There are 4 protein chains.
Amino acid sequence: MISFESDYSAGAHPLVLQHIIESNMECLPGYGSDVYCKRAQEKIREACGCPDGEVFFLTGGTQTNAVVIASMLQEYEGVIAARTGHVSIHEAGAIENTGHKVLELDGKDGKLEPEAVEAYLRDFYQDENHEHMVFPGMVYITWPTEYGTLYTRRELEQLAEVCHRFDIPLYLDGARLGYGLMSREADVTLADIADLCDVFYIGGTKVGALCGEAVVFTGKQMPGHFLTLVKRRGALLAKGRLLGVQFDALFTDALYFAISRHAIDMAEALRELFREKGYRFYLESPTNQQFIILDNQKMEELKEQVRFGFWEKFDETHTVVRFVTSWSTAPEDLEKLRELL
Amino acid sequence: MISFESDYSAGAHPLVLQHIIESNMECLPGYGSDVYCKRAQEKIREACGCPDGEVFFLTGGTQTNAVVIASMLQEYEGVIAARTGHVSIHEAGAIENTGHKVLELDGKDGKLEPEAVEAYLRDFYQDENHEHMVFPGMVYITWPTEYGTLYTRRELEQLAEVCHRFDIPLYLDGARLGYGLMSREADVTLADIADLCDVFYIGGTKVGALCGEAVVFTGKQMPGHFLTLVKRRGALLAKGRLLGVQFDALFTDALYFAISRHAIDMAEALRELFREKGYRFYLESPTNQQFIILDNQKMEELKEQVRFGFWEKFDETHTVVRFVTSWSTAPEDLEKLRELL
Amino acid sequence: MISFESDYSAGAHPLVLQHIIESNMECLPGYGSDVYCKRAQEKIREACGCPDGEVFFLTGGTQTNAVVIASMLQEYEGVIAARTGHVSIHEAGAIENTGHKVLELDGKDGKLEPEAVEAYLRDFYQDENHEHMVFPGMVYITWPTEYGTLYTRRELEQLAEVCHRFDIPLYLDGARLGYGLMSREADVTLADIADLCDVFYIGGTKVGALCGEAVVFTGKQMPGHFLTLVKRRGALLAKGRLLGVQFDALFTDALYFAISRHAIDMAEALRELFREKGYRFYLESPTNQQFIILDNQKMEELKEQVRFGFWEKFDETHTVVRFVTSWSTAPEDLEKLRELL
Amino acid sequence: MISFESDYSAGAHPLVLQHIIESNMECLPGYGSDVYCKRAQEKIREACGCPDGEVFFLTGGTQTNAVVIASMLQEYEGVIAARTGHVSIHEAGAIENTGHKVLELDGKDGKLEPEAVEAYLRDFYQDENHEHMVFPGMVYITWPTEYGTLYTRRELEQLAEVCHRFDIPLYLDGARLGYGLMSREADVTLADIADLCDVFYIGGTKVGALCGEAVVFTGKQMPGHFLTLVKRRGALLAKGRLLGVQFDALFTDALYFAISRHAIDMAEALRELFREKGYRFYLESPTNQQFIILDNQKMEELKEQVRFGFWEKFDETHTVVRFVTSWSTAPEDLEKLRELL
């Protein structure tokens, strides 16, 4: 059985695991105050070209979104997101659990359109009754999106400009950030993202870590007493080292980028494979998630020997499925898949 | 520098780490549905003598308390706890963040007194205005307590009986459960605890894991859609395996108990050491946390070579400090300490 | 200046006020336990043909929606509503403030379509990942809607049937209930509504009271300790009599219906007036809110002598405005308006 | 039957009711933007000697406490209150429902001791682990307290000074403010309170209104978008006039003070009555709540003809009861009581 089911199926990248092993018996202070956390924070600041940035490690994506969004919104504010955004549908109401509304806008292939965001903000303030409504207090985007797509630099600039004009932060959910940055179609760098966003996170769980996401506040604007806010949401690890050690490994010798590039190479090869064999794509994704339209009979056949994800029904006889590569995808897996297609 | 600062200073117990390493490259389903989680759940049920129990893995203690308490209380209820309880003072308001009040009662050496709990419950329902008050909906205890003390079997039975009579659950926070069970003064077993409590958790973070706590609902009464409740609080790990693998190791060949016993042996030796040297104890603790009254000058001297915790000022010239042993405390550490006392 | 701005511009209906005056100096027990509350509850149960119903008085619509919805949802559930519903956009996030998501569906003229609700519920449970999503736990509708429209009996039956099949309650927000019941197009009675809905409220604030809404749980299923839930949300009046006295008056000699009918008569006349004069309607509303498309120049002229509401821009030279009648609209106001059109 | 049960047993003071009646048929804008609200705000600012103050009307005390406290605290903060404070025990957890902890301190006769507050704040910041604790973000006091007692000017100054030093607001719950100000023992004026507190409320419900409390932010520091915060908590009345009209009446010709003084005169007479007859007092209260120790047999006798409140058991044969006077207490009620004692 080969697996293209997700990018969180395997454990940690071997070099990440190695670092955990080597540091295991050291006695270190708790709650993220250890030397590995500090070292990782410094390396991330450097990789972001963001010497004033503040970095905080959290355990998973939904937790990170809830903690960051709740900590940056005023009580009367909500967060703008695409209707297909992770915070909108796949976090079991974690944002609403913090008391804030997700203000859902229609998007395209998982992306918010800067014009639509601008129109929403403009209309909001022009509405005579807006004091009876939830104030838009942040823009949330995913990069890559849930559909594997990427905002271009131009689009990010436009979103940043709109946010800046309305004085609200732009927050980028980078659960798969590495896979976006290493995409051949990406025209932005990590430093660009740090430059354009007020806050974002560098996903670890899906890019080689056992768990862990690194939140970057890009300009000394981390909310006051953030550690307490994190603790209060049950998100503070006693052995914070677990996160620091892993990110220290991921940002040593650009490992994060190298393993992301590998996943992209595998995705490109996978895409080529399906294309060669005449399969149709549901949409064009330049990252590690590929959406393919399978004949239902073929899908059932494949399921016997390959793990992949169901996405949605396409028509009576076809289904959209998702194939995902990751740092752990082996070229041999692709060879086996070639034989099955 | 030797460390008696806490039981979460070192990484994972070597056998736990070994299990992580061995399973690392396996591709497994996410969110706790993997075979290691299932295996660990089964082993825990067995260790608890509780075949109908339901087991769920979470990442840390504060998170576990918030998720469990919020999921079991009705909206109009709060949780009774000792004023010194972890949920009362050291979780940054994580329980209140879920909308529930901690109903704090005076205790003794960290323990709630069954009579006081009973009186509180009785008085509450006799109060004509109790509909304007927070209903007591659960009793929360720590075992061992924050002071290292233990409820006796008799006390646990009394608490369970009171809870049963008022039809509210008894919840035991076992962040250091192993160190309690292996104490020479403990007169209860893990099976007794499962028998007396409606829900409790077996602490991993402080007993050999990198992170992780195992919640046990003792009688098929896990709240409905618990996974969704966990997700919604940002507490669901994508790689749930990380927790399952560790608890699988901890509950193989009774490792959890063996390493806890080691910590207790070390604590007994440490206690003996201080006693021999004529130090006074702040209170008698039969577990891995020892509270010693140090002359301030001696404290400053010791600090140069030993890490330990500040607890509270005792008088103008003395301070209460906390020494903690764990599965990772080495006999040589005690030897070095002996020389310094 | 004549006013068609809203149905909450004037104070209380004279008979309601009279009842307040007459009972003013009586010493009564607090928090809704007085004789007027009990009497009003009894009269409402009778008017609803619902002897087992439980009635509770609250102060305003947003408060009522938040209290009712939060008290009936499980923690992991959200409430289905039309994207244009009051809870979706005009309550400043009051539902999210209770931790629950509003699951917004597209509707038509303010109404949810039963087929769309059914499809949403079916798709939800068929989605393999639905445990990572907010469970739909209630259907919320407004009757009349924010657009003045009415669900037919058939539509209400269909919605009730869908809710029943999926075992979730149907909740009807009747802020303007009287104006719906007295509409010439309404094919349901108050008893029908009590029969089809699990819970609904009879709006007082917009139908002759100074403040006050009467929540009706139609079948002995009021959430446990509801008074405490209300208190906890700051929604319990010490002088609960204020609400009881008003609803006692409104449900004596069918006053509620009589004054609602008056408003409908006025709305019919107003509609006729605009129609005669050749104005276009934005949509057909059979209740007390009328939406008219005005030429911008005419709108500015009218504004000098009439108060009405801005609804939305129609095109470059036209605007949709809202004219509202109520129990307090006088025939002379219509005469004056006729001269101005 | 005569009643000394509470100060919210009767309806509105006749002059307040008169103002409601006279303004009833006026068409006014909603949500507190009407001329009566503005007029009342202006009069209150003047009575407070506080031209920069901002005034907002809410419906009841618990609602006011929840809205004010939640709007002024940072997410990581809680509010310090006496263990006997209204927010601590008699609001069904309304503060915790907003996510904030009530940090309860022991007090004396319902009052916080400035030294205790100072010690708490000092100790908090000296605690090495305070980032794992709830930050004290406000001090809440009641004046008069739940026991009818009053802080002296000196005590208020001390509390204000401590708050100022630690940069947190002092909030005074004045549910019975008038009865405090008119007490013969009060050595502060309304202007003094406005001067010493950052925010407070002038209780209307218990001092002559049907409902309503006037929050005063004393120095242009009302939280941003306060109306939206109020709306979001379901606390915004559509017919905000109801509150404005009543406070306009209460602050015309010093009615608020006159009717409060009447209640105090009645309380003094009541106190004298009990004293004469040799009854013991539970504590010395200089305001409209009097706590008397009754022999149980006498208590049962009295109950037949007088309504009063049960407070607590004193000993096996005695009970503490509460007698309350108000603006509506008639001298004849005292005469009747005299005969019964």
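The values are calculated or read from the model by the stated rules, or taken from the named source; none is laboratory data. The structure presented is a predicted model; accordingly, all values stated were derived computationally and were not measured. Heads up, the Cβs are rebuilt from the backbone with ideal geometry, glycines too, and the neighbour counts pull from every protein chain shown. Only protein heavy atoms, including side chains, enter the accessible area calculation; ligands, DNA and RNA are left aside. Shrake-Rupley method; radii C 1.70, N 1.55, O 1.52, S 1.80 Å.
Just one of the listed residues (B:L58, B:L17) is within 7 Å of chain A (Cβ to nearest Cβ) and either touching a Gly at 6+ places or on another chain (Cβ under 8 Å) or over 28 Å from B:R232 (Cβ atoms) (or both), namely B:L17. Elements of the type helices (runs of 4 or more DSSP H) sitting completely within segment D:11-128 and holding at least 2 residues that are buried (at least 21 other Cβ atoms within 10 Å of the Cβ) and among the polar types (S, T, N, Q): these cover D:61-72. Report yes if C:R241 is without any contact (Cβ under 8 Å) to a residue 24 or more places away in the chain and under 30 Å from D:T64 (Cβ atoms), otherwise no. Against the criterion (without any contact (Cβ under 8 Å) to a residue 24 or more places away in the chain and under 30 Å from D:T64 (Cβ atoms)), C:R241 does not qualify. Kindly list, by first and then second residue, each pair from a residue in segment A:182-206 that is within 14 Å of chain B (Cβ to nearest Cβ) to a residue that is open to solvent by 30 Å² or more (accessible area, probe 1.4 Å), limited to pairs with Cβ atoms under 7 Å and residues at least 6 apart or on different chains. Qualifying pairs under 7 Å: A:T205/A:Y8; A:K206/A:Y8.
Sort through B:L250, B:L159, B:L181 and tell me the only one that's within 20 Å of the chain's Cα centre (by Cα) and within 19 Å of B:V87 (Cα to Cα).
On the way: B:L250 fails: within 19 Å of B:V87 (Cα to Cα); B:L181 fails: within 19 Å of B:V87 (Cα to Cα).
Exactly one of B:L250, B:L159, B:L181 is within 20 Å of the chain's Cα centre (by Cα) and within 19 Å of B:V87 (Cα to Cα), namely B:L159.
Determine whether segment A:154-175 contains at least one residue that is within 14 Å of chain B (Cβ to nearest Cβ) and either closer than 30 Å to A:F310 by Cα or not aliphatic (A, V, I, L, M) (or both). There is at least one residue in segment A:154-175 that is within 14 Å of chain B (Cβ to nearest Cβ) and either closer than 30 Å to A:F310 by Cα or not aliphatic (A, V, I, L, M) (or both). The selection criterion, being in contact with a Gly (Cβ under 7 Å, 6 or more places away or on another chain) and not charged (D, E, K, R), holds for C:F257. Scanning segment D:253-289 for residues that are under 16 Å from D:R307 (Cα atoms) and within 16 Å of the chain's Cα centre (by Cα) returns D:N288, D:Q289. Contact map, segment A:22-34: first residue within 16 Å of D:H130 (Cβ to Cβ), second residue aromatic (F, W, Y) and crowded, with 17+ Cβ neighbours inside 10 Å, Cβ cut-off under 7 Å, separation 6 or more or different chains; pairs are A:G30/B:Y8. Considering D:E96, D:E91, D:E26, D:E113, the condition of being more than 12 Å from every other protein chain (Cβ to nearest Cβ) and either farther than 28 Å from D:I168 by Cβ or within 21 Å of the chain's Cα centre (by Cα) (or both) is satisfied by D:E113 alone. When we screen B:V67, B:V102 for residues that are over 26 Å from A:L17 (Cβ atoms), free of Cβ contacts under 8 Å to residues at least 60 places away in the same chain and not aromatic (F, W, Y), the only hit is B:V102.
Condition test on A:E118, is it within 14 Å of chain C (Cβ to nearest Cβ) and without any contact (Cβ under 8 Å) to a residue 60 or more places away in the chain? No; evaluated as a whole, the condition is false for this residue.
Take the residues of segment C:161-180 that are open to solvent by 20 Å² or more (accessible area, probe 1.4 Å) and part of a helix (DSSP H, G or I): which is nearest to C:N288 (Cα to Cα)? Filtering segment C:161-180 for residues that are open to solvent by 20 Å² or more (accessible area, probe 1.4 Å) and part of a helix (DSSP H, G or I), the one nearest to C:N288 (Cα to Cα) comes out as C:E161.
Looking across segment D:129-152, the residues that are open to solvent by 20 Å² or more (accessible area, probe 1.4 Å) and either among the small types (G, A, S) or facing chain B (nearest Cβ under 9 Å) (or both) come down to D:N129, D:E131, D:H132, D:M133. Given the condition within 14 Å of chain D (Cβ to nearest Cβ), within 14 Å of the chain's Cα centre (by Cα) and closer than 12 Å to C:A214 by Cα, answer yes or no: does some residue in segment C:75-86 qualify? Looking for residues that are within 14 Å of chain D (Cβ to nearest Cβ), within 14 Å of the chain's Cα centre (by Cα) and closer than 12 Å to C:A214 by Cα, one finds none in segment C:75-86, hence no.
I'd like the residue in segment C:241-254 that is out of contact with any helix residue (DSSP H, G or I) (no Cβ under 6 Å at 6 or more places or on another chain) and surrounded by 24 or more Cβ atoms within 10 Å (Cβ to Cβ) and, out of all such residues, is nearest to C:L181 (Cα to Cα). Reasoning before the result, please.
Start the filter on segment C:241-254 by keeping residues that are out of contact with any helix residue (DSSP H, G or I) (no Cβ under 6 Å at 6 or more places or on another chain), which leaves C:242-243, C:252-254.
In the following step, the residues that additionally are surrounded by 24 or more Cβ atoms within 10 Å (Cβ to Cβ) were identified as C:242-243.
Numbers: C:L242: 25, C:L243: 22 Å.
It comes out as C:L243.
Here B:L337 clears all of (1) within 24 Å of B:G203 (Cβ to Cβ); (2) open to solvent by less than 30 Å² (accessible area, probe 1.4 Å); (3) not in a strand (DSSP E or B) except the condition numbered (1).
Condition check ((1) closer than 30 Å to B:A10 by Cβ; (2) of a type in the set (A, V, I, L, M); (3) touching a Ser or Thr at 6+ places or on another chain (Cβ under 8 Å)) across all residues:
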site	(1), (2), (3)
A:K38	yes, no, no
A:E46	yes, no, no
A:C50	no, no, yes
A:T59	yes, no, yes
A:N65	no, no, no
A:A70	no, yes, yes
A:T98	no, no, no
A:V102	no, yes, yes
A:G107	no, no, yes
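Residues in segment B:223-253 that are under 19 Å from C:G137 (Cβ atoms) and not basic (K, R): B:P223, B:G224, B:H225, B:F226, B:L227, B:T228, B:L229, B:V230. Evaluation of D:V245 against the conditions (1) closer than 19 Å to D:S6 by Cβ; (2) hydrophobic (A, V, I, L, M, F, W, C); (3) touching a Ser or Thr at 6+ places or on another chain (Cβ under 7 Å) shows that the sole unmet condition is (1).
Where residues in segment B:193-232 are among the charged types (D, E, K, R) and under 25 Å from B:G11 (Cβ atoms), which of them is most open to solvent (accessible area, probe 1.4 Å)? Full working, then the answer.
Narrowing segment B:193-232 to residues among the charged types (D, E, K, R): B:195, B:198, B:206, B:213, B:220, B:231-232.
Pick out the ones that are also under 25 Å from B:G11 (Cβ atoms) and you get B:206, B:213.
On the way: B:K206: 36, B:E213: 6 Å².
Per the criteria, the residue is B:K206.
Taking residues in segment B:210-230 that are touching a residue at least 24 places away in the same chain (Cβ under 8 Å) and closer than 20 Å to B:C197 by Cβ, and partners anywhere that are in a loop (DSSP other than H, G, I, E, B) and basic (K, R), not one pair has Cβ atoms closer than 7 Å while being at least 6 places apart or on different chains. In summary, D:F257 fulfils each of the numbered conditions (1) modelled with pLDDT of 95 or more; (2) open to solvent by less than 40 Å² (accessible area, probe 1.4 Å) with the single exception of condition (2).
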